[in-house]
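One structure is given below, encoded as structure tokens.
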Amino acid sequence: MKIISLHCDYITFKPLKKALKQPEELSEERKKEIKINECLVILTAIEKSDSINLVNKLVKNIEDISKQVKTNNIVLYPYAHLSSNLGSPDLAMNILEKAEKELIKLKYKVSRAPFGYYKEFELKVKGHPLSELSREIGEREINKEKGKLMREETMGVLREEKYDPKQLLREISKSKLDTSKLKDNDHRILGQKLDLFSFSEIAPGMVFWHNNGLVIYNELIDYWMDLHRKAGYNIIKTPQILDSKLWKISGHWDKYKENNFSTKYEGRDFLVKPMNCPGGILVYRNKPKSYKDLPLRMGELGVVHRTELSGVLAGLFRVIQFTQDDAHIFCTEEQIESEIKKIIDLIKEIYIKFGFSYNLELSTRPEKFMGDIKDWDKAEKILEETLKKSKIKYKINKGDGAFYGPKIDFHIKDSLDRTWQCATIQLDFSMPERFELNYMDKNNKEQRPIMLHRVIYGSLERFIGILLEHTNGILPAWLSPIQVRVINFTDRNNKYAGKITKELKENGVRVDMELSSVPLGGKIRDAELMKIPYIIVVGDKEEKSKTIALRKRGSKSIESISMDNFMKKINEEIKQRK
């Protein structure tokens, strides 16, 4: 069984037509549109391996979440899209009906959406850290089917695992992407066409970067690194797996343990890191700090993992493993305003580079928060005054702050007029207090630093997905996996084409060569489909004059130019990241 719980301001739903031959019978009241306010919506998918015995576990999970978000209104919503391994309608109906009865016994106000119908629905999810949670509920059972992995213990002896490699290979084979409902500029289609990345069920929600995609990934990192070094950041890297003690101090263990990957080592509980900040804090604590060390800016492109149900994974937009371009700034209270302004300037520079416009939101204290309310009030006031002094337009987003501090969120707009929340600046008084961070001031007295958390790309994977769709895969030369393609006119020109290709490679240009017997028009068309910025065609004329015929992506005109001039042109374009 898979569930997604959504703490909502409201949900409305209405049955439209039958999805099953025999859906549940509805009263006239339940056929109308229903609206429930201030509720916990439980999207539920019942799977083949489930049984009626799971009702108690489902109810216990709902009880646990409802207590955390402090609501008594429960909406049970059948949502088959969460799984591709659905159980029978009768089983699903029985489980939902029994869960409804058990929750009512516990004094919950329960609404159950109609079962077996196509429905329209609208909901508004609250903006706090616990507003969206996904869980998988089930019983671990040994699968004794032939060909499956199986452990058998007899008289205290663990026998060798038996398996069929061919069967396992069939199970882990890459599933084909269903493109029937995707637009041509969907990043998943572009990823296939341009050979950028792929996904496999062997690692759900984790990207397999191909050479071309990894070029884009690494170029974005190099750009980020250059900007951050110039801006005075120290670049760090922290471990992937950290002891539960750290996450208990930070508060992440209690709040997010159910939605993270945990493991054990020598009897100790560990967490695969869902975020980078506690690791950065340990770097700060490594040796004593003075006021002269502040502001201390630490950047980390850290790989993090967060569990998601398979039904909500969506290409690069919703993944389990992703790279977060975190930075943590430790400063005095007097330095907060200037540091925030510098971060805003850095965000602006990066977004302008990629052609994104954006708007800002100030997200305030959530219902479930950590720390002293006075610190929260102070932090919110500092952020608001900084925005006002900078004359930046913003709107208030009540209750959507991180659990440890308020934040400024940046919502970028792409060429398809969609908005995405990517960059964020979070002001945190709580973590320095919980981790007892200190520095010595001018009078040699211990003081507590203030901590700023911030990202710009956000998830690098998601940012690449957004960028691909924003540009329809037409990336500038500095980001393009293949920057130049050299094409021969006839086989007589192969040697000259090879010489040009070698010269470009030696000058750091990403170039490939097409010398097949395909007609010239077909070669050019293939290069255009691969969205390569520059096409060089060489024939007898070019070889004789020691020139090249240059065609720029998207243009039908051909320019005759010397290699020296082209080399200067493309090197400058790449160097300036134009």
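The values are calculated or read from the model by the stated rules, or taken from the named source; none is laboratory data. What you see is a predicted model, and the numbers here were worked out from it, not measured in a lab. Every residue, glycine among them, receives a Cβ derived from its backbone with ideal geometry; neighbour counts consider all protein chains shown.
Some notes on this structure:
- Filtering the range 410-437 to residues that are buried (at least 16 other Cβ atoms within 10 Å of the Cβ) and in a loop (DSSP other than H, G, I, E, B) leaves ASP414, PHE429, PHE435, LEU437.
- Among the conditions (1) touching a helix residue (DSSP H, G or I) at 6+ places or on another chain (Cβ under 8 Å); (2) in a helix (DSSP H, G or I); (3) of a type in the set (Ser, Thr, Tyr), THR501 misses just one, which is (1).
- Residue match in the range 92-101 (condition: more than 19 Å from PRO15 (Cβ to Cβ), surrounded by 20 or more Cβ atoms within 10 Å (Cβ to Cβ) and in the same structural domain as LYS57 (by TED's automatic domain parsing)): yes
- Breaking point among (1) touching a strand residue (DSSP E or B) at 6+ places or on another chain (Cβ under 8 Å); (2) surrounded by 19 or more Cβ atoms within 10 Å (Cβ to Cβ); (3) among the small types (Gly, Ala, Ser), for GLY315: (1)
- Across the range 337-367, the number of residues qualifying as among the aliphatic types (A, V, I, L, M) and more than 23 Å from MET225 (Cα to Cα) comes to 2.
- Where helices (runs of 4 or more DSSP H) fall wholly inside the range 206-267, the ranges with 2 or more residues that are out of contact with any Phe, Trp or Tyr (no Cβ under 7 Å at 6 or more places or on another chain) and either farther than 23 Å from ARG306 by Cα or touching a residue at least 40 places away in the same chain (Cβ under 8 Å) (or both) are 211-230.
- When the strands (runs of 3 or more DSSP E) confined to the range 514-578 are screened for residues that are farther than 30 Å from GLY213 by Cβ and not hydrophobic (A, V, I, L, M, F, W, C), those reaching at least 2 such residues are found at 558-562.
- Being under 25 Å from PRO449 (Cβ atoms), under 27 Å from the mean Cα position of the chain (by Cα) and of a type outside the set (D, E, K, R) holds for only one residue in ILE408, ILE412, and it is ILE408.
- Residue match in the range 286-300 (condition: on the phi < 0 side of the Ramachandran plot, within 20 Å of the chain's Cα centre (by Cα) and in a strand (DSSP E or B)): yes
- Test: residue in the range 321-336 that is without any contact (Cβ under 8 Å) to a residue 12 or more places away in the chain, assigned to a helix (DSSP H, G or I) and within 30 Å of TYR291 (Cα to Cα): yes
- Just one of the listed residues (ILE392, ILE329, ILE373) is β-branched (Val, Ile, Thr) and buried (at least 20 other Cβ atoms within 10 Å of the Cβ), namely ILE329.
- Matching residues in the range 60-91 - criterion: being at pLDDT below 95, farther than 26 Å from LEU313 by Cα and crowded, with 16+ Cβ neighbours inside 10 Å: THR71
- Hits in the range 337-395 - residues which are part of a helix (DSSP H, G or I) and free of Cβ contacts under 8 Å to residues at least 12 places away in the same chain: SER338, ASP345, LYS348, ILE352, ILE373, LYS374, ASP377, LYS381, LYS388
- Considering residues of the range 2-36 that are hydrophobic (A, V, I, L, M, F, W, C) and surrounded by fewer than 16 Cβ atoms within 10 Å (Cβ to Cβ) only, the residue farthest from the chain's Cα centre (by Cα): LEU26
- Subset of the range 222-247 that is surrounded by fewer than 15 Cβ atoms within 10 Å (Cβ to Cβ) and under 30 Å from LYS67 (Cβ atoms) - its residue that is farthest from the chain's Cα centre (by Cα): LYS245
- When the residues of the range 276-312 are filtered to those that are touching a Phe, Trp or Tyr at 6+ places or on another chain (Cβ under 9 Å) and closer than 30 Å to GLY191 by Cα, the one that is surrounded by the most Cβ atoms within 10 Å (Cβ to Cβ) is GLY299.
- The set of residues from the range 105-122 being surrounded by fewer than 17 Cβ atoms within 10 Å (Cβ to Cβ) and either of a type in the set (A, V, I, L, M) or free of Cβ contacts under 8 Å to residues at least 24 places away in the same chain (or both) comprises LYS105, LEU106.
- Residues of the range 274-311 satisfying the condition of being touching a helix residue (DSSP H, G or I) at 6+ places or on another chain (Cβ under 7 Å) and either among the charged types (D, E, K, R) or at pLDDT below 90 (or both): GLU300, ARG306, THR307, LEU309, GLY311
- Residues that are farther than 16 Å from LYS502 by Cα, touching a residue at least 12 places away in the same chain (Cβ under 8 Å) and not polar (S, T, N, Q), drawn from the range 552-574: LYS552, ARG553, GLY554, ILE558, ILE561, GLU573, ILE574
- Taken over the range 432-477, the criterion of being out of contact with any strand residue (DSSP E or B) (no Cβ under 6 Å at 6 or more places or on another chain), among the aliphatic types (A, V, I, L, M) and closer than 23 Å to CYS331 by Cβ is satisfied by LEU437 alone.
- Every residue from the range 40-53 that is under 14 Å from MET93 (Cβ atoms) and surrounded by 15 or more Cβ atoms within 10 Å (Cβ to Cβ): THR44, ALA45, ILE46, ASP50
Residues are listed down the side, and each one gets a yes or a no for (1) surrounded by 20 or more Cβ atoms within 10 Å (Cβ to Cβ); (2) touching a residue at least 60 places away in the same chain (Cβ under 8 Å):
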{"position": "THR490", "(1), (2)": "no, no"}
{"position": "GLY508", "(1), (2)": "no, yes"}
{"position": "VAL511", "(1), (2)": "yes, no"}
{"position": "VAL518", "(1), (2)": "no, no"}
{"position": "GLY521", "(1), (2)": "no, no"}
{"position": "MET530", "(1), (2)": "no, yes"}
{"position": "ILE535", "(1), (2)": "yes, no"}
{"position": "LYS541", "(1), (2)": "no, no"}
{"position": "ARG577", "(1), (2)": "no, yes"}
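- Candidates are the residues of the range 112-149 that are under 26 Å from ILE52 (Cβ atoms) and aliphatic (A, V, I, L, M); the one that is modelled with the highest pLDDT is ALA113.
- Flag for PHE429 being at pLDDT below 95, more than 29 Å from the chain's Cα centre (by Cα) and not charged (D, E, K, R): no
- Among the residues listed as LYS523, LYS531, LYS505, the single one being within 32 Å of the chain's Cα centre (by Cα) and not acidic (Asp, Glu): LYS531
- Test for CYS277: is it closer than 30 Å to PHE197 by Cα and touching a residue at least 12 places away in the same chain (Cβ under 8 Å): yes
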